[in-house]
Amino acid sequence: MKNIKTLDQIKDQYYGVVGTPKRDDLERELEALRVGLKIKNARESLHMTQEQLANRIDKKRSFISKVESDGENMTLKTLFDVVERGLGGKLRIEVSL
């Protein structure tokens, strides 16, 4: 039988356990990618182009492309603009301690 590891075990091995700086950086980067992917999926489900979404929030198409590929370093105001003004959705933010 092969030695099968979970994703968390692999992340522990290569990035350290949760709470270490290197692992926390990885988790933040992954969460930013998830945000970008969720925005892209929502836009596509509305059959909207990046250009159309950009026009709705007075940004350039290249900005939407960057948000979708890397949601990191986006302000909350911009995130609200993209989701609520641009996509017509509702943004909910959760804080877990």
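The values are calculated or read from the model by the stated rules, or taken from the named source; none is laboratory data. Treat the numbers as computed from the prediction; the structure is a model and nothing was measured. For neighbour counting, all protein chains shown are included, and Cβ atoms are generated from backbone atoms with ideal geometry for every residue, glycine included. For the accessible areas, the whole protein counts, side chains as well, though only heavy atoms, and no ligand, DNA or RNA atoms are used. Shrake-Rupley method; radii C 1.70, N 1.55, O 1.52, S 1.80 Å.
A search for C-beta distances below 7 Å between a residue of region 23-52 that is within 20 Å of Glu84 (Cβ to Cβ) and any residue that is among the acidic types (Asp, Glu) and surrounded by 12 or more Cβ atoms within 10 Å (Cβ to Cβ), counting only pairs 6+ apart in sequence or on different chains, returns Ala32/Asp70; Ala32/Glu72; Gly36/Glu68; Gly36/Asp70; Ile39/Glu68; Lys40/Glu68. Among the residues of region 25-47, those that are open to solvent by less than 60 Å² (accessible area, probe 1.4 Å), closer than 18 Å to Thr78 by Cα and of a type outside the set (D, E, K, R) comprise Ala32, Val35, Gly36, Ile39, Ala42. Under the condition of being assigned to a loop (DSSP other than H, G, I, E, B) and out of contact with any Phe, Trp or Tyr (no Cβ under 9 Å at 6 or more places or on another chain), the residues counted in region 25-60 number 7. Ile64 fails exactly one of the following numbered conditions: (1) open to solvent by 70 Å² or more (accessible area, probe 1.4 Å); (2) assigned to a helix (DSSP H, G or I); (3) among the β-branched types (Val, Ile, Thr). What is the number of that condition? In the conditions (1) open to solvent by 70 Å² or more (accessible area, probe 1.4 Å); (2) assigned to a helix (DSSP H, G or I); (3) among the β-branched types (Val, Ile, Thr), Ile64 misses (1) alone. With respect to Lys22, determine if the residue is open to solvent by 90 Å² or more (accessible area, probe 1.4 Å) and part of a helix (DSSP H, G or I). Judged against the criteria, Lys22 is a match.
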